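Let me begin by presenting the structure, written as structure tokens, before commenting on it.
The values are calculated or read from the model by the stated rules, or taken from the named source; none is laboratory data. Being a predicted model, the structure only gives us computed values, none of them experimental. Here the Cβ is made from the backbone with ideal geometry for all residues, glycine too, and neighbour counts use every protein chain on show.
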Amino acid sequence: MKPLFAKKTSLSTRFLILSCLSIALMLVDARFTVLKPVRSQLGMVLTPLYWLGDLPVRGWNNTLQMFSSRTDLLAENEQLRAETLLMQRRLQKLATLTEQNVRLRELLNSSALIDDRVLVAELIGVDPNPYTHRVLINKGSNSGVTLGQPVLDARGVMGQVIEVMPYSSRVLLITDSNHSVPVQVNRNGLRAIASGTGNLESIELRYVTDSADIREGDLLVTSGMGQRFPVGYPVAVVTQVQRNTGQPFARVLALPAATLNRSRYLLLVFSDSNNATQALDDTVQNALDDAVQLLKATESTAVEAHE
């Protein structure tokens, strides 16, 4: 007669048997290659399980990427734009250094590149008057901007600051008919004055003698004369040279290196000359203040003596 309740193996016995079996399989797998095909087949069977187990993590990461902060993305984009602009500005002087390397070694037996301090600004307005080439930027006296400060874009010189307000400044472009900048031919160092023509695609070199060594394709860079623009920044490329018989001066036209009608982010250059000019202005202003105070004190003394 069979018992009513069949006697089963206890849990501890089952655990002991499975543990021994697992240890035996690990030893066989470690010392022999018999179980490699079995392990490979098990890997294929368990691959969907691995994929399902990783699915929540991948879904969470995708959700985070979809809901990333738009403000963070815009800030990162702005920072990358500024860094790109700074790197392009550093590359501008390479052409000048290549041509002037021999002359610098003859004078100083070494060459050095002075990296001016710059401030990134954004163009926020354009003068609607077609006869004046002026733009408005979002940096002013609160950011240290001064009158006459050079303004560049990623390709070359754009102009200079002519009006400073607390939070904005007005810039006169090099193509304006009232603007001139001292330049030199990068190939041979020939100096000239580049003046605006009222056309965004052209500037003119004034009073270039008919026999001057200048030709189409020459790069014009700032000469540093007048201590307004730093030396060596690209200004324009010569596009036309007309020499008329019987005329003492040639007509030379050049295409500005800067993209005057497309650039949005600009660079304000702080050079030693700007600092010196600002210091001179401060000194003159202090001297005027002292003179006014002295005049007031003298008048006060004269009134007391008269009484």
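Can residue 106 be described as modelled with pLDDT of 75 or more and not β-branched (Val, Ile, Thr)? If you could, list the steps in order and put the result at the bottom.
Values: modelled with pLDDT of 75 or more: no; not β-branched (Val, Ile, Thr): yes.
Answer is no for this residue.
Within segment 169-190, the set of residues being among the hydrophobic types (A, V, I, L, M, F, W, C) and assigned to a loop (DSSP other than H, G, I, E, B) comprises 174, 190.
Counting only strands (runs of 3 or more DSSP E) that sit completely within segment 197-255, those holding 1 or more residues that are loosely packed, with under 15 Cβ neighbours inside 10 Å and either at pLDDT 95 or above or out of contact with any His (no Cβ under 9 Å at 6 or more places or on another chain) (or both) correspond to 202-209, 234-242.
Strands (runs of 3 or more DSSP E) fully within segment 127-168 that include at least 1 residues being surrounded by fewer than 19 Cβ atoms within 10 Å (Cβ to Cβ): 134-137, 157-164. Between 217, 196, the distinction of being under 20 Å from residue 239 (Cβ atoms), in contact (Cβ under 8 Å) with a residue 24 or more places away in the chain and not β-branched (Val, Ile, Thr) belongs to 196 only.
Test residue 181 against the criterion of being closer than 19 Å to residue 85 by Cβ and not polar (S, T, N, Q), and give yes or no. Here the answer is no, as residue 181 does not meet what is asked. In segment 126-150, the residues that are among the small types (Gly, Ala, Ser) reach residues that are modelled with pLDDT under 95 and surrounded by fewer than 16 Cβ atoms within 10 Å (Cβ to Cβ) with C-beta atoms within less than 6 angstrom, at least six apart or across chains, in these pairs: 140/165; 140/166; 140/167; 141/166.
Regarding residue 73, is this residue out of contact with any Lys or Arg (no Cβ under 8 Å at 6 or more places or on another chain) and modelled with pLDDT of 80 or more?
yes
Being under 28 Å from residue 117 (Cα atoms), surrounded by 14 or more Cβ atoms within 10 Å (Cβ to Cβ), among the small types (Gly, Ala, Ser) and modelled with pLDDT under 95 is a property that residue 258 has. Scanning segment 1-58 for residues that are among the aromatic types (Phe, Trp, Tyr), at pLDDT 75 or above and surrounded by 10 or more Cβ atoms within 10 Å (Cβ to Cβ) gives 15, 51.
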